[in-house]
Every structure is written in C-alpha cells, then in structure tokens.
Amino acid sequence: MNLIRLLSHQPLTTLNRESFVAFIFRNPSNRKYLLAALLVTIVQFVVFKLLYPFPDFISDSSNYVDTNLENLRVNIWPVGYPFFLKLVHIISPSHVWLVAVQYLILQVALLYLFYTALYLLDLRGWNKRLFFIFLIVNPALLYLANCVLSDALFCALSVTIFAQYMWMFRSPKLKYLLIQGILIGIAFTVRYTAIYYPLVALLVIPITAYKLPFKLFGIILPWLFIFPFILYTKQETKKITGHAEFSIFGGWQIANNALYMYGHIQVDSTQLPEDLRPLDRYAKLYFRKIAPTDEQMAELPGTFFIKMPNAILKPYSFAYGPKFEGTSRGLIKLWGSVSPSYNKYGWYLIKKYPFSFMRYYMWLNTKTYFNPHLEKYTNYNLGQKDMWRSPQKWFQLESAAVHKRIPTWPMLIIGYFYRLLWTGLNFYFLVSLFFLYKARRHNSGTYVSFASVWLATVFVVINFGFSVFATPVVLRYQFIPMIIMLLFSLHISELQGDVKKKEVLTP
C-alpha cells in the first residue's frame with residue numbers, strides 16, 4: 001500500500017461525489033451513453049442475426065450440450081456453462097434466445113466496467129469515447145456471443161470481478177469482498193482459467209484499506225467455493241472413470257505441452273516408471289516415423305498433440321483405454337482412463353528437461369501470445385454446413401443445416417485487426433507503465449487510479465504466465481486482458497497528460 005501511496009501522492013479515499021446510480025442516470029452526458037448503448041446493442045444484434053441466423057459451433061459446443069442431454073454431473077469441460085444453458089433453455093429452447101441472452105449479459109457487464117472507469121478513474125474526452133466504442137460497438141464480441149461456448153459468459157464475469165477490486169480501492173465495504181469471492185467461484189465452474197483469479201486477489205486485496213481480518217476473509221473466500229467444486233468434480237469423475245481427477249483435459253494438456261520438446265531430447269525409457277514406458281514407446285515411434293517439424297507443430301499452437309489424430313495421445317488412448325461408446329460419457333471414460341498417465345508423463349518430462357520445455361514449448365507459446373491464433377475468427381461452424389446432432393436436438397430444430405448470409409472475409413479482417421491491436425496494446429501498455437513510474441514524482445492521480453493500475457498490471461502479468469505455461473493461446477481468450485490493457489493505456493495517457501499540463505503551468 002505504501003508503494004501505491006508513494007506513486008499517487010494522494011490520500012487513500014477519493015473525493016466525495018454523487019452516488020454511482022445518480023452518476024449514470026442523472027448526469028446528461030452519461031445518460032446519453034446509456035441510451036446509445038441500448039440503441040447500438042439492439043441494432044447490432046438484429047443486423048448480426050440477419051447475417052448469421054445460426055450460432056457458431058465447434059466440438060466443445062456439443063460437449064457442453066451433451067452434458068445436459070446425457071444428464072452428466074461432470075464432463076471434460078466445466079459444468080457451469082451447461083448449467084447456464086439449462087437455465088436459458090427453461091425459458092425457451094431457441095438458439096436466437098441463447099445468443100441474445102449471452103450478448104445482453106456481456107453488454108451489461110461491459111457497461112458496468114465502463115461506468116466504473118468513468119466514476120473512479122474520471123476517464124474523459126476521446127479516451128472515454130474510444131473505450132465506449134471498443135466495449136459496446138465491437139463486432140469481435142458479437143462473434144464471441146454468437147458461439148455456443150463459455151467465452152461471453154466468462155468475459156462478463158471476469159470484467160465484473162475486475163470492477164469489484166476497483167470499488168474496493170475507493171471504499172472498503174464488505175459487499176465487494178463477497179461479490180468478488182462468489183463471482184470467482186462461479187467463474188471457476190465456467191472455465192478453469194479462473195484458477196489464477198485467487199492469486200490476483202492475493203496480490204491486490206492487501207493494498208486495500210480493509211482491516212486485516214477482512215483482507216484475509218477476501219483472500220480465502222474464493223477458495224471456499226473452488227475447493228468444494230474440485231472435490232465434487234473428483235468424486236463424480238471417479239464414478240465414471242475410476243480415477244478421482246479434477247480436470248481430465250488437464251492431463252492431456254500437460255502431456256501435449258511436454259511433447260513439443262520431445263524431438264529435441266533423448267529420453268531414457270529405462271529411467272521412466274514402468275507404467276509410462278508404453279506411452280513413451282508411442283512417442284518414440286511417432287517421432288521416428290513422422291518427425292513433425294517445429295513449424296508444423298506451430299500451426300496448431302499449444303494443441304498439436306491433442307488435435308492431430310495420429311499424434312501419440314489419441315492412438316494411445318484408443319489402444320489402452322476402453323472402447324469408445326460414441327457419447328460424451330464414453331468420451332469421459334476414454335479420456336479419463338489415460339489422463340492420469342498423461343499427467344504423470346508430462347510432468348516427468350517437464351521436470352527432467354525444464355530448459356528444453358522452456359525453449360520448445362514456452363518460447364513458442366510466448367511468441368504465439370503476442371500473435372495469437374485466430375481460431376474461431378477464421379471460419380464459421382468449422383466450415384461445415386451442418387451443426388452436430390446434439391445441438392440440433394437441444395435447440396429442437398428440424399434440420400441440422402446452418403448457413404450465413406455473408407462471406408468469410410469480414411470475419412478474417414476482424415480477427416486480423418484485433419490480433420494487431422492486441423500486439424500493439426501489449427507494447428503500448430508496457431511502455432506506458434515505464435513512463436508512469438519514471439514520472440512518479442509529478443503524478444497527480446488518485447490512490448484509486450494507481451491501485452487500479454497495479455491491479456491491471458498484476459492481472460496482465462499473471463494471465464501472460466498462465467497462457468504461456470498452461471494453455472493454448474487463441475485470440476478469443478485474450479479479450480479480457482485486451483479490455484483491461486486498453487482501459488489503463490488510456491487512463492495512463494491521461495495521467496501523463498496531466499503531468500505535462502502541470503509542468504507547463506508551473507512557473
């Protein structure tokens with residue numbers, strides 16, 4: 001906290017002002033933004049659905065839907081999003097209704113962050129307009145909401161959590177601690193990426209003005225939701241696979257990550273635990289016969305050995321796992337039967353060859369992080385003319401056919417634009433932080449401003465570490481840190497502008 005106070009040269013609290021609700025609804029300028037957001041949201045949605053009458057599907061979409069159709073309590077992916085699908089389905093099975101709800105939730109959360117930034121950071125002028133346009137008039141987020149995936153819901157939860165921390169800096173009220181803890185718990189059931197959100201809390205809550213018992217409560221609270229969910233998932237997974245695993249996919253992912261370096265290391269099979277030797281034989285045979293190049297593996301960044309049907313992991317699972325039944329339950333059995341071995345094998349290789357892992361996987365992922373894979377922004381419905389059978393059944397459609405009234409190139413342009421923006425924002429945000437610290441003796445920002453900059457920095461750095469080490473890097477995963485970096489790049493530019501004005505006015 002002392003560091004933040006040193007940077008801001010301001011007292012802990014901000015100036016007293018009208019309530020947040022009054023700030024939105026009674027301020028004529030802010031009310032115009034609200035009306036504009038409402039109008040733009042409706043128009044954008046109607047036009048978009050005329051161009052894309054059907055949602056966008058990938059294999060994960062079917063997995064989410066199958067969780068409900070097969071009444072599963074656990075699946076390869078978290079069950080929070082299938083539960084959300086079920087709630088939406090209670091009102092209507094329409095796929096248009098689902099996309100509308102997803103888009104509305106996302107827009108409301110983004111508006112909440114927008115007004116929080118205006119209220120607490122005093123974002124103004126063109127910076128305010130640019131941030132509004134990016135949040136509300138953003139076709140990339142429309143594509144996100146049009147997917148039967150957890151992305152839009154997870155993004156909405158994440159930006160709301162982020163806003164709660166900003167409110168904590170202004171006023172240490174118990175409700176903000178409760179909201180962030182509950183939302184992190186919900187976010188974790190939607191996407192396991194939220195596992196690092198408690199680490200953000202650990203590094204951010206201590207600089208708030210809460211008393212020590214409340215700080216400890218806020219840091220511990222998310223785990224009170226996460227741990228029971230982990231135990232529940234393990235128990236339900238064991239009922240199907242015989243192994244008490246939390247994340248079936250996690251074992252596949254860690255083995256996949258480790259195998260990126262396999263062509264550059266010499267693994268002594270005699271040193272391996274005996275139960276891992278058959279898997280290592282598959283790896284040796286594959287690299288001896290096929291020997292994929294680093295360039296070929298980079299074409300599927302972070303997922304090559306999961307997605308390629310002949311690349312070790314899938315052939316081994318079919319050879320040593322149970323017969324695939326063709327259902328999601330069968331897929332859980334198949335993937336879950338080998339996941340413990342994959343997890344053990346991956347960690348063995350990483351611990352045995354840490355520098356090779358950093359060079360051939362983490363460095364690849366680092367480069368991909370700044371130039372993320374477009375993935376969903378390269379095609380619609382994986383380029384197929386039909387949706388899978390389970391979404392057809394879930395949405396109660398007579399035909400599985402899907403279509404769009406627009407070519408693929410606008411989607412590609414949008415994807416390339418936001419990838420370029422993402423790359424530029426990372427560089428600009430880093431440079432902005434450097435100059436902000438350099439001018440620390442002349443800063444005139446509030447405590448909330450600099451505490452929020454610290455929050456943004458912590459979030460971006462941890463997201464980078466998690467992305468590089470543990471997960472595939474694709475564009476749709478990076479919209480949350482993109483939003484945060486844009487906001488604080490704009491805010492820091494205002495702080496720097498205030499410093500320059502101060503220097504000019506000072507005789």
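Criterion applied to ASN365, ASN379 was being outside any helix (DSSP H, G or I), under 24 Å from the mean Cα position of the chain (by Cα) and farther than 30 Å from PHE114 by Cα, and the one residue passing it is ASN379. Of the residues examined, PHE435 is not one that is aromatic (Phe, Trp, Tyr), part of a helix (DSSP H, G or I) and within 24 Å of the chain's Cα centre (by Cα). Entry remark, region 234-251: residues being surrounded by 22 or more Cβ atoms within 10 Å (Cβ to Cβ) and either at pLDDT 95 or above or of a type in the set (Val, Ile, Thr) (or both) number 3 in total.
Residue by residue, here is whether (1) touching a residue at least 24 places away in the same chain (Cβ under 8 Å); (2) crowded, with 18+ Cβ neighbours inside 10 Å; (3) closer than 21 Å to PHE370 by Cα; (4) outside the structural domain of SER171 (by TED's automatic domain parsing) holds:
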position	(1), (2), (3), (4)
VAL431	no, no, yes, no
GLY445	yes, yes, no, no
ILE462	yes, no, yes, no
PRO472	yes, yes, yes, no
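The set of residues in region 402-429 that are small (Gly, Ala, Ser) and surrounded by 14 or more Cβ atoms within 10 Å (Cβ to Cβ) contains only GLY415.
For LEU121, the requirement of being under 22 Å from GLU494 (Cα atoms), surrounded by 21 or more Cβ atoms within 10 Å (Cβ to Cβ) and touching a Ser or Thr at 6+ places or on another chain (Cβ under 8 Å) is met. Only a single item in (1) of a type in the set (A, V, I, L, M, F, W, C); (2) over 30 Å from PRO53 (Cα atoms); (3) touching a residue at least 60 places away in the same chain (Cβ under 8 Å); (4) touching a helix residue (DSSP H, G or I) at 6+ places or on another chain (Cβ under 6 Å) is not met by MET168, and it is number (3). Residues in region 120-135 that are at pLDDT 95 or above and of a type in the set (Phe, Trp, Tyr) were compared, and the one that is farthest from ARG26 (Cα to Cα) is PHE134. Applying the set (1) surrounded by fewer than 13 Cβ atoms within 10 Å (Cβ to Cβ); (2) closer than 24 Å to LEU142 by Cβ; (3) not charged (D, E, K, R) to PHE395 leaves exactly one unmet item: (1).
Among the residues of region 410-427, those that are among the hydroxyl-bearing types (Ser, Thr, Tyr) and either over 24 Å from GLN496 (Cβ atoms) or at pLDDT below 95 (or both) comprise TYR416, TYR418.
Can you tell me how many residues within region 85-112 are surrounded by fewer than 21 Cβ atoms within 10 Å (Cβ to Cβ) and within 17 Å of the chain's Cα centre (by Cα)? Total meeting the criteria: 1. LEU285 - would you say it is among the aliphatic types (A, V, I, L, M) and in a helix (DSSP H, G or I)? It is true that LEU285 is among the aliphatic types (A, V, I, L, M) and in a helix (DSSP H, G or I). Within region 366-382, residues that are without any contact (Cβ under 8 Å) to a residue 40 or more places away in the chain have Cβ atoms under 9 Å from residues that are in a helix (DSSP H, G or I) and aromatic (Phe, Trp, Tyr) in no pair, counting only partners at least 6 apart in sequence or on another chain. Within region 221-241, the only residue that satisfies the criterion of being within 22 Å of the chain's Cα centre (by Cα), under 14 Å from ILE76 (Cα atoms) and without any contact (Cβ under 8 Å) to a residue 24 or more places away in the chain is ILE230. Going residue by residue through region 53-73, is there one that turns out to be buried (at least 17 other Cβ atoms within 10 Å of the Cβ) and free of Cβ contacts under 8 Å to residues at least 40 places away in the same chain? Scanning region 53-73, I find no residue that is buried (at least 17 other Cβ atoms within 10 Å of the Cβ) and free of Cβ contacts under 8 Å to residues at least 40 places away in the same chain, so the answer is no.
Per-residue answers, yes or no, for (1) of a type in the set (Gly, Ala, Ser); (2) at pLDDT 95 or above; (3) within 24 Å of HIS373 (Cα to Cα):
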{"position": "PRO273", "(1), (2), (3)": "no, no, no"}
{"position": "ASP280", "(1), (2), (3)": "no, yes, no"}
{"position": "LEU300", "(1), (2), (3)": "no, no, yes"}
{"position": "ILE306", "(1), (2), (3)": "no, no, yes"}
{"position": "ILE312", "(1), (2), (3)": "no, no, yes"}
{"position": "SER328", "(1), (2), (3)": "yes, no, no"}
{"position": "LEU349", "(1), (2), (3)": "no, yes, no"}
{"position": "PHE355", "(1), (2), (3)": "no, yes, no"}
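Restricting region 16-46 to residues that are among the hydroxyl-bearing types (Ser, Thr, Tyr) and surrounded by 11 or more Cβ atoms within 10 Å (Cβ to Cβ), which is nearest to THR116 (Cα to Cα)? Result: TYR33.
The values are calculated or read from the model by the stated rules, or taken from the named source; none is laboratory data. Bear in mind that the values here come from a model prediction, so they are computed numbers and not experimental data. Positions of Cβ are backbone-derived with ideal geometry, glycine not excepted, and every protein chain shown enters the neighbour counts.
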